[in-house]
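To start, the structure itself, in structure tokens.
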Amino acid sequence: MNESKLRDLLDQVSAGALPPDQALERLRTLPFTEAGQVLADTHRMIRQGLPEAVYAEGKTPAQTTDALTALVAAHGSALATRVNPEVAALLLQSFPTGIYDSVSRLYRVGQMNGSFPSAPVAVVCAGTSDLPVAEEAAQTLEFAGASVNRITDVGVAGLHRLLARLDDLRAAGIVIAIAGMEGALPSVLGGLVAAPVIAVPTSVGYGANLHGISALLSMLNSCASGLTVVNIDNGFGAAMAALRILNTQPKA
């Protein structure tokens, strides 16, 4: 159940069109829905403005399917992250209208009804090796109804590539900056744009990158004031941070 459905339910009770006992019965599944071994948090949309997503890595196909089923029943759409191709093939049997993207490893059923009248979110990645994380962020935003401007392969080793997109970057309402290696891209962007910059370190890089820890520490120690940093390879978390910012902005 989302806020719109809850308001509609309360309006029906207020108008006398729905007896309170029937409304109570509908609300019994409001906080969560039990589905197999899964307790789907169907109340999260009302509390946070964004629904629960299914983290599929480490879950069995049955657990992932049960969670998606409960969330689709509650919201009409659902998103699963870190879905491998074998699980995606099984999900397609249960959700034939679903869409699987092998780059981002996202499985989407339907789309949220959200819309954001603000400027697009720029999803910027340093290299094409960072694209899986970038696409996880971009497609999560698009699932929620946000506009996305993808800017790829503009790492600081060739700074002229980034400066060539400066107009697009400054037109963005939020910038998500994704980089591995030494993780310098978010610091550079933080000095170029006024919009909030959300930094995502990736595990891309040679040995001293330490599977993303070097990039993470670089971003945490950035001299660009106000930089927000999420965890290594967490494109989904960066997108959710951007959506929280967007949800605070006035609606058209």
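Condition check: touching a residue at least 24 places away in the same chain (Cβ under 8 Å) and outside the structural domain of GLY58 (by TED's automatic domain parsing). Does LEU131 satisfy that? Answer is yes for this residue.
Residues in segment 221-248 that are touching a Pro at 6+ places or on another chain (Cβ under 9 Å) and not in a loop (DSSP other than H, G, I, E, B) were compared, and the one that is surrounded by the most Cβ atoms within 10 Å (Cβ to Cβ) is GLY235.
With the structure loaded, tell me whether ALA184 is outside the structural domain of VAL83 (by TED's automatic domain parsing) and surrounded by 20 or more Cβ atoms within 10 Å (Cβ to Cβ) or whether it fails that test. Criteria not met by ALA184. None of PRO51, PRO61 is at pLDDT 75 or above, within 18 Å of GLN111 (Cα to Cα), touching a helix residue (DSSP H, G or I) at 6+ places or on another chain (Cβ under 6 Å) and of a type outside the set (Lys, Arg) except PRO51. Scanning segment 84-109 for residues being farther than 22 Å from PRO51 by Cα, in contact (Cβ under 8 Å) with a residue 12 or more places away in the chain, among the small types (Gly, Ala, Ser) and outside any loop (DSSP other than H, G, I, E, B) gives a total of 0. Going through (1) in contact with a strand residue (DSSP E or B) (Cβ under 9 Å, 6 or more places away or on another chain); (2) modelled with pLDDT under 95; (3) in a loop (DSSP other than H, G, I, E, B) one by one, LEU162 falls short only on (3).
Conditions tested, residue by residue: (1) modelled with pLDDT of 95 or more; (2) farther than 17 Å from VAL229 by Cβ; (3) in a helix (DSSP H, G or I).
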residue	(1), (2), (3)
GLN111	no, yes, no
LEU131	yes, yes, yes
ALA138	yes, yes, yes
GLY158	no, yes, yes
LEU169	yes, yes, yes
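The values are calculated or read from the model by the stated rules, or taken from the named source; none is laboratory data. All of these numbers come straight from a predicted model, not from anything done at the bench. Glycine also receives a Cβ, built like all others from the backbone with ideal geometry; neighbour counts cover every protein chain displayed.
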